[in-house]
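Notes follow the structure.
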Amino acid sequence: MALSTASNFARPDDAFRAIVEAHRGLSDEQSADLDAALVLVLANHIGDIAVLNEAIVLAKRRMLDASQQQQQQ
């Protein structure tokens with residue numbers, strides 16, 4: 001199975017909104033805990049270590065790229 005980076009949601013804004021709403025009212029620590037729990041649940045759902053590793057690399061690259069862009073501004 002290859003990592004899919006295209007949106008698989010018929011209504012991607014609804015998916016984004018659901019994640020944002022799940023964090024509403026949480027402290028920073030609770031929000032981080034929710035993110036960690038969600039990652040583990042979804043990683044288990046994927047069930048493919050190669051896809052998980054590819055997703056980790058992509059997420060880290062995006063995070064580092066965003067950080068570098070902020071530093072340049």
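The values are calculated or read from the model by the stated rules, or taken from the named source; none is laboratory data. Since the structure is predicted, the reported quantities are computational estimates derived from the model, not experimental observations. Glycine gets a Cβ as well: all are built from the backbone with ideal geometry, and neighbour counts include every protein chain shown. Only protein heavy atoms, including side chains, enter the accessible area calculation; ligands, DNA and RNA are left aside. Shrake-Rupley method; radii C 1.70, N 1.55, O 1.52, S 1.80 Å.
Are any residues in region 1-60 acidic (D, E), without any contact (Cβ under 8 Å) to a residue 40 or more places away in the chain and assigned to a loop (DSSP other than H, G, I, E, B), and if so, which ones? Spell out how you get there, then give the answer.
Going through region 1-60, the residues acidic (D, E) turn out to be 13-14, 21, 28-29, 33, 35, 48, 54.
Filter again for without any contact (Cβ under 8 Å) to a residue 40 or more places away in the chain, leaving 13-14, 21, 28-29, 33, 35.
Matches in region 1-60: none.
If you go through region 61-73 and pick out every residue that is of a type in the set (A, V, I, L, M) and either touching a residue at least 40 places away in the same chain (Cβ under 8 Å) or open to solvent by less than 70 Å² (accessible area, probe 1.4 Å) (or both), you end up with 1.
The set of residues in region 36-47 that are under 20 Å from S4 (Cα atoms) and open to solvent by less than 70 Å² (accessible area, probe 1.4 Å) comprises L38, A43, I46, G47.
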